[in-house]
1. Put a dot 7 Å past each Cα toward the Cβ at Arg243 and Ile119; how far apart are the dots in nm?
2. Tell me which residues come under 5 Å, amide H to amide H, from Arg311 once H is placed; ignore anything under 5 positions away on its chain.
3. Any idea how far apart Ser298 and Arg57 come out in nm if each label point goes 7 Å out from Cα toward Cβ?
4. So what's the net charge close to Val326: Lys and Arg +1, Asp and Glu -1, counting the other residues with Cβ under 9 Å from its Cβ?
5. List the pairs from Lys99/Lys282; Lys274/Lys345; Lys253/Lys274 whose alpha-carbon separation is above 29 Å, in the order I gave them.
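Derivation of every value follows stated rules applied to the coordinates shown; laboratory data play no part. As the structure is a computational prediction, the values presented were derived from the model and not from experiment. Cβ atoms come from the backbone with ideal geometry, glycine included; neighbour counts cover every protein chain shown.
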Amino acid sequence: MSDSQTTTWRSFSIFNHSLFGWVRRHGDKLWWFHSLYALILGIGIMWLGSRNFAFLRLAIFHLAFIWLSSLLLHRLVNQSRLSPFWAGGIRLVINYLNKNLYQQLLFFILPIYYASATISSRNIGFVALLALSATLSSLDIVYDRHVSARRGWTAIFFAFNLFAIINVMLPVLWSISNLWAMRMSAVLALIGFLTFYYPLSLWRARGIVLIVLVGSLLLSIVELGRPFIPPAPLRLARVEFGREIQRESLQVKSHIAELKPGAPLQVYGLTGIKAPLGLSEKVRHLWYQNGKLVYASSFYRMVGGREEGFRLWTRCTLETVPPRSVLRLDLETEGGQLIGRARLKTGK
């Protein structure tokens with residue numbers, strides 16, 4: 001090797017050493033900068049998710065890659081033959097890919113759940129958890145050092161996100177009712193949790209009993225927690241109150257904007273429900289006066305796909321309207337999920 005080649009090689013080596021040293025010193029700052037970029041990108045994905053459901057067709061491939069690669073990662077990094085350098089490199093690559101897929105999926109479905117949630121109800125909490133999950137998938141340092149590094153957190157994170165994605169994907173793509181979509185999503189989430197948290201050695205004798213107990217607990221939580229989950233992709237498009245209704249055209253007449261204290265009152269409520277084409281669901285109206293249930297209608301089968309939304313009307317008769325009264329109309333699915341609500345109050 002000539003003197004000039006030797007000098008060039010030394011200069012290149014020094015440059016590489018300096019570059020890697022600078023990256024090593026400022027690695028955390030670079031990751032936080034990347035996290036900021038991922039959050040900004042997530043806003044764009046949310047805009048897409050609020051306008052087009054077609055992207056959900058790719059969700060199954062995203063989920064399959066996350067599932068298989070995460071299981072493979074845990075198996076690889078635990079191999080004694082693998083050096084710490086290669087184990088760390090493999091973890092870095094798989095985590096990076098999985099984080100990007102999580103971000104695309106979670107930020108996409110977030111506006112769909114938000115549109116189906118009711119801010120004044122308990123199901124807004126599920127949207128908050130989903131937003132937290134989407135944010136965690138964008139925070140590289142938090143995800144790499146905590147979420148993916150602990151088997152328990154990895155299992156919980158994957159199971160929750162799997163449930164949220166499948167729960168909205170089934171009604172949109174295959175017109176499965178929200179009640180059955182939730183149950184099917186819960187079973188898949190349970191399987192996802194068990195495959196991440198329990199090694200194959202536990203799937204025998206005593207271990208199977210523990211797995212059955214954990215599975216029963218998780219499925220019970222989902223079944224009892226239906227009111228806490230928005231009925232995505234169903235959403236309340238409009239609500240109107242009036243003293244009469246024209247049944248042929250389903251138009252409210254003599255609109256009511258507020259209640260007047262005094263004599264008995266008969267109020268009609270008309271709701272418009274937005275749902276994807278082909279989706280069928282049973283819904284009903286619940287009328288409350290000052291927090292007390294005064295009338296629950298029968299369930300009516302709703303069919304999605306109408307531009308103006310599926311319109312459902314019922315009426316409620318109040319024996320008296322005390323001062324400072326609040327009349328509330330809730331729109332609910334057969335599974336007990338709140339689609340939306342509206343209120344009438346007495347005037348000042």
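1. Each label point is offset 7 Å from its Cα along the Cβ direction, giving 3.2 nm.
2. Ile273
3. 3.9
4. On the way: positive: Arg324, Arg328, Arg343, Lys345; negative: none.
Value of the local net charge: +4.
5. Details: Lys99/Lys282 37 Å; Lys274/Lys345 26 Å; Lys253/Lys274 22 Å.
Flagged as over cut-off: Lys99/Lys282.
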